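First up is the structure itself, then whatever we jot down about it.
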Amino acid sequence: MAAKGKAGAPYYAAAVLAAITLFVFFTLQDYGPGSAIRRFHDDVISQNYADLQRICREDINSLEVGMLAQMLNDLDERGATSTIASEDRSAAEVDVLVLYRLQGGERPYIWVVKKNRGTWQIDPFETVRANQDTVGRIL
């Protein structure tokens with residue numbers, strides 16, 4: 001009888017480890033600067049204004065949020081895809097280089113993401129400022 005109890009121990013341990021892994025994955029999937037950018041993109045396209053306000057450092061009715069939203073809507077209409085190319089990190093701020101892929105090639109754009117009380121948020125003003133040369137030319 002004792003051998004049967006020990007034989008099930010590896011399966012139990014594997015199940016516990018799998019549960020912990022899934023818990024950590026689902027807990028952290030919406031954490032980090034890249035996740036804040038993804039959520040900003042998704043919220044603009046789906047018009048989820050409540051979540052958009054949570055991940056913005058400015059009011060979502062600001063000029064800068066409007067500029068970014070227009071850019072993302074235009075990119076979405078053109079079928080662009082995006083990928084994070086690099087990150088320049090400090091303790092509470094990350095400049096994230098995102099490449100938008102269009103039929104005509106790739107277009108770089110820098111997103112400025114800052115940590116506020118443990119939550120990563122898009123800084124629309126700094127993001128537009130960091131891209132002043134490309135805001136009108138990303139399309």
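The values are calculated or read from the model by the stated rules, or taken from the named source; none is laboratory data. Just so it is clear, the structure is predicted and the values come from calculations on it, not from any experiment. Cβ coordinates were reconstructed from backbone atoms using ideal geometry, including for glycine residues, and neighbour counts include every protein chain displayed.
Structure values in brief
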read-out: Residue tally, condition closer than 16 Å to Ser35 by Cβ and surrounded by fewer than 17 Cβ atoms within 10 Å (Cβ to Cβ), over region 118-129; value: 2
read-out: Subset tally (residues that are in contact (Cβ under 8 Å) with a residue 60 or more places away in the chain and either assigned to a loop (DSSP other than H, G, I, E, B) or not acidic (Asp, Glu) (or both)) for region 55-91; value: 10
read-out: Boolean, Ala9 is of a type in the set (A, V, I, L, M, F, W, C), more than 19 Å from Val94 (Cβ to Cβ) and modelled with pLDDT of 95 or more; value: no
read-out: Single unsatisfied condition, Asp42 versus (1) among the charged types (D, E, K, R); (2) in a strand (DSSP E or B); (3) modelled with pLDDT of 95 or more; (4) under 15 Å from the mean Cα position of the chain (by Cα); value: (2)
